[in-house]
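Worksheet for the structure shown next.
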Amino acid sequence: MNHTMISRTTTDRGLDFLRTYGAIIGMIAVLAIVYFLKPAFLSPANVANVIRQSTILIILALGLTVVMSMRGVDLSIAQVADAAGLIAAMMIIQGYPIWAAFLVPVIFGLAVGTANAILMAYIGIPAIIGSLGMMFIVRSGELILTNGAEPQILFTLPRGVTKPFLFLGQGAVGPVATLILLALAVLAVIFVLMRYTPFARHAKAVGYNVRAAFLAGIDIRMVFGAGFVVAGILSAVAGVALVSRTGIAQPRGAEPYLLDAFAAVYLGTLASRRGETNVPGTVIGGLFITFLGNGLTILGLGAPYRFALNGAFILLAMAIGGLKRKN
């Protein structure tokens, strides 16, 4: 009898361990397989390059994390990033000051985020429908602005004109890339926002139970709407950083980041015992997605494999999250 009870306890502990850490172990195993096949995958130079590449995805995914922590969704983030990058590039090409090329796109992101907040939080449009509509509106604006998707190329301009702008995406402060410093600054702000502020407590309450949060006196509309504002601002920052890194802006250039951002957030839930969205987990998810994409490229596998794996990991994270919440 005691032996049976001990066996059951051991089995339960094993299942609990797998529910909590199994997917993370699986992610590590995937990267280990890539390393086994191509040892150059984890060379210092490649690791540094991947971390730098991951910064844009992480910034975008952190904004999505804020929205999804309240059971919302924002499908317009990649399109806002696209448009913000286009605005920045066009302003530089037309001779506007560099500070304006940084500031105006962020104001644009703030405006779109505020519009999303009004539509979803105050008018009551379902977030998936409202943000999808906003995505198409912004995309149409991009096409009109660029005369039908004409790319805005910066790297052909005189270096003296573009150097201050490109420094954000291509420069470094000492041994650390400027993009990494930007991502660390954004991470610090969002971590504090979602952990140590009244907004963090209110967002958590809204995410758990909207009705209970309302009865507790929380302005649920304002809190829910604020998530879209944060997502809009961070999307614009990510878009400007992307153009600064590549030196070119074109409509739909940031669209591949949308699925990656969702995958990063969902994978981040695996770092929570209850399967909840969380800032550190999103960073881990973003790094894994970027390392995975880099590894597949090194192995000679294209985007279809990456998209398939991203989708599989999203489904896996949702399934494991459901199991965690039931326990």
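Read-outs throughout are calculated quantities, based only on the coordinates presented, and are distinct from any laboratory measurement. Since this is a predicted model, take the numbers as computed values, not measurements. Positions of Cβ are generated from backbone atoms using ideal geometry, with glycine treated the same way; all protein chains shown enter the neighbour counts.
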Stretch Arg159-Ala111 to full length: gain in nm at 0.36 nm per residue minus the Cα-Cα span?
-> 14.1 nm
In order over region 233-247: 3J(HN,Hα) from phi, Karplus 6.51/-1.76/1.60, θ = phi - 60°, whole Hz, x for each Gly or Pro, gives 5, 5, 4, 5, 4, 4, x, 5, 4, 5, 5, 5, 6, 8, x
3J(HN,Hα) from dihedral phi, region 216-224, Karplus parametrisation 6.51/-1.76/1.60, rounded to Hz, x for glycine, proline | 7, x, 7, 6, 5, 5, 5, 5, 4
Given H placed on each backbone N at 1.01 Å, which residues far from Gln152 in sequence or on other chains put an amide H within less than 5 Å of it?
-> Ala249, Gln250
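Figure the gain on full extension for Leu42 and Glu150 (residue separation times 0.36 nm, minus the Cα-Cα span) and round it to one decimal in nm.
So the chain would gain 35.1 nm between Leu42 and Glu150.
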Ordering of 246-258, 63-75 by burial proxy (mean other Cβ atoms within 10 Å per residue, highest first) = 63-75, 246-258
With the dipole of region 25-326 worked out from charges on the C-beta (+1 for Lys and Arg, -1 for Asp and Glu) around the Cα centre, which of Phe228, Met27, Ala264 lies farthest toward the positive end?
-> Met27
Point-to-point label distance, Ile24-Arg211, nm (Cα→Cβ direction, 7 Å offset) | 3.5
For the chain, size of Cβ-based charge dipole, Lys and Arg +1, Asp and Glu -1, in debye | 820
Alpha-carbon Rg with Dmax, taken over region 25-326, Å | 19.2, 60
Can you run phi through the Karplus equation (6.51, -1.76, 1.60; θ = phi - 60°) for region 62-68 and list ³J(HN,Hα) in whole Hz, with x for Gly and Pro?
-> 5, x, 5, 4, 4, 5, 6
Projected onto the charge dipole of the chain (+1 at Lys/Arg Cβ, -1 at Asp/Glu Cβ, origin at the Cα centre), which of Phe102, Leu157, Val66 gives the Cα projection farthest towards the positive end?
-> Val66
